[in-house]
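The block underneath contains the structure these notes are about, expressed in structure tokens.
Each value in this text was obtained by applying a stated rule to the coordinates, not by laboratory testing. This one's a predicted model, so the numbers in the text were calculated from it and none came from an experiment. Because the Cβ atoms are built from the backbone with ideal geometry, glycine has one as well, and the counts that use them run over all protein chains shown.
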Amino acid sequence: MSRIAARFESLKGSRGALVTYLQAYDPDPATSLAILRGLPGAGADILEIGMPFTDPMADGPSIQLSAQRALKAGATLSRVLALVRDFRAEDATTPVVLMGYYNPILTYGIARFCTEAASSGVDGLIIVDVPPEEADEIEPDARAHGLDLIRLVAPTTDDARLPRVLAATSGFVYYVAILGITGTKSATRESLTAEIPRIRAHTDLPLVIGFGIRTPAQAAEAASIGDGAAVGTALVDVLAGSLDEQGRAKPDTVRKVLDAVRALAEEIRR
């Protein structure tokens, strides 16, 4: 059983999962690693780590600025994988998912990337701009190395296409709860309760709801409707707000981010 499957299995019948997103190397490698190492203890069940990219088409201003800080700090794909290895040196159980875009992976070399991602301790990939119909180049290598390919499903994914998307998905389904980019608005309970059963009719995989979840109350609601809640922009904003005028971490940067995660986790557990 993969780490992702094992984590959802351990939570089944008790509560939904808290999935946290932060950009690798934001605002610097040492602070990024310190936050990652603290996330499981603060209550994060699955870690999404952003692979910084210059043109993140699905991300709002907060995550775009996060990527710029990370790239300025020296982030590269090989260094992101090294960050995962450093995390794995102290944590062998928490699932790690890399989230990003295809261009850096293609440049790096698909077979090389999948081999090194798996050996570094990555469990799954969310490649935002690669739909199932165009995944032939990466899917064989990813599956050969045991990497789950986690697909995005949106309110605009109609019933005709939904089975095709879900058939190509493993690990969990990431439900994009809003129309638009990350961090710009939030979904209503009514829209979620209407859409989630439609997706469940086609898959037994866990459903994680993301995009637009900012508060502990929203995270708890999403985790109770689905099988987990993914929170990204809100945490990136906490991190950004803790930096000095030059964009450098302050002594309390790590604590502030982890405190925000604790608040999310406590509400979900409640």
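Around ASP148, which amide H atoms from residues at least 5 apart in sequence, or from another chain, sit under 5 Å from its own amide H, with H modelled in the peptide plane?
Placed amide hydrogens put GLY124, LEU125 under 5 Å from ASP148.
Amide H of ALA230: which non-local residues (sequence gap of 5 or more, or other chain) have their own amide H closer than 5 Å, using H built in the peptide plane?
Result for ALA230 returns VAL19, ILE209, GLY210.
What's the extension gain from GLU9 to ALA144 if we count 0.36 nm per residue and subtract their Cα-Cα distance?
46.3 nm
Calculate the dipole size of the range 99-146 relative to its Cα centre from +1 charges on Lys and Arg beta carbons and -1 charges on Asp and Glu beta carbons; express the result in debye to the nearest 20.
In total the dipole reaches around 220 debye.
Using only DSSP helix segments of four residues or longer, with each worth -39500 (n - 2.57), what per-residue ellipticity at 222 nm results for the chain after dividing by its residue count and rounding to 500?
After summing the helix terms and dividing by the residues of the chain, the value is -14000 deg cm²/dmol.
Straight-line reach only, C-alpha to C-alpha below 20 angstrom: list the aspartates and glutamates that LYS256 could link to, leaving out same-chain residues fewer than 8 apart.
Within the straight-line cut-off, LYS256 pairs with ASP26, ASP28, ASP45, GLU48, ASP237, ASP244, GLU245, GLU266, GLU267.
Mind putting a number on the dipole of the chain about its Cα centre? Charges go on the C-beta only, +1 for Lys and Arg and -1 for Asp and Glu, and I need it in Debye to the nearest 20.
Value, rounded to 20: 600 debye.
Would you work out which of PRO104, ILE225, HIS202 lies farthest towards the positive end of the dipole of the chain, given +1 charges on the beta-carbon of Lys and Arg and -1 on that of Asp and Glu, about the Cα centre?
Positive-end residue among those listed: ILE225.
Amide H of ALA154: which non-local residues (sequence gap of 5 or more, or other chain) have their own amide H closer than 5 Å, using H built in the peptide plane?
VAL176
Read phi for every residue in the range 4-9 and hand back ³J(HN,Hα) as whole Hz from Karplus 6.51 cos²θ - 1.76 cosθ + 1.60, θ = phi - 60°, with x for Gly and Pro.
Along the range 4-9, the couplings run 5, 4, 5, 5, 5, 4 Hz.
Can you tally the net charge around ALA265? Count Lys and Arg as +1, Asp and Glu as -1, for every other residue whose Cβ sits under 13 Å from the Cβ of ALA265.
0
Provide the per-residue ³J(HN,Hα) series for the range 135-146, in order, calculated from phi with Karplus coefficients 6.51, -1.76, 1.60 and θ = phi - 60°, each as a whole number of Hz, with x at glycine and proline positions.
Running phi through 6.51 cos²θ - 1.76 cosθ + 1.60 with θ = phi - 60° gives 9, 4, 6, 9, 4, x, 5, 5, 5, 4, 9, x Hz.
Compute a Gaussian network model of the chain, connecting alpha carbons closer than 10 Å, and tell me which residue from ALA160, ALA234, ALA117 fluctuates the most.
Top of the fluctuation ranking is ALA160.
Please report the net charge: other residues with Cβ closer than 12 Å to the Cβ of LEU207, K and R +1, D and E -1.
That sum, taken over residues with Cβ under 12 Å, equals 0.
Of the residues GLY226, GLY171, GLY241, which exhibits the maximal mean-square fluctuation in a Gaussian network model of the chain defined by a 10 Å Cα contact cut-off?
So, out of GLY226, GLY171, GLY241, the one fluctuating most is GLY241.
Mind listing the phi-derived Karplus ³J(HN,Hα) values for the range 10-16, rounded to whole Hz, using 6.51, -1.76 and 1.60 with θ = phi - 60°, and x for any glycine or proline?
5, 9, 4, x, 10, 6, x
So how compact is the range 198-270: Cα radius of gyration and Dmax in angstrom?
So, for the range 198-270, Rg and Dmax equal 14.9, 50 Å respectively.
Under a 10 Å cutoff between Cα atoms, tell me which one of LEU149, LEU239, LEU11 has the largest fluctuation in the Gaussian network model of the chain.
The residue that fluctuates most here is LEU11.
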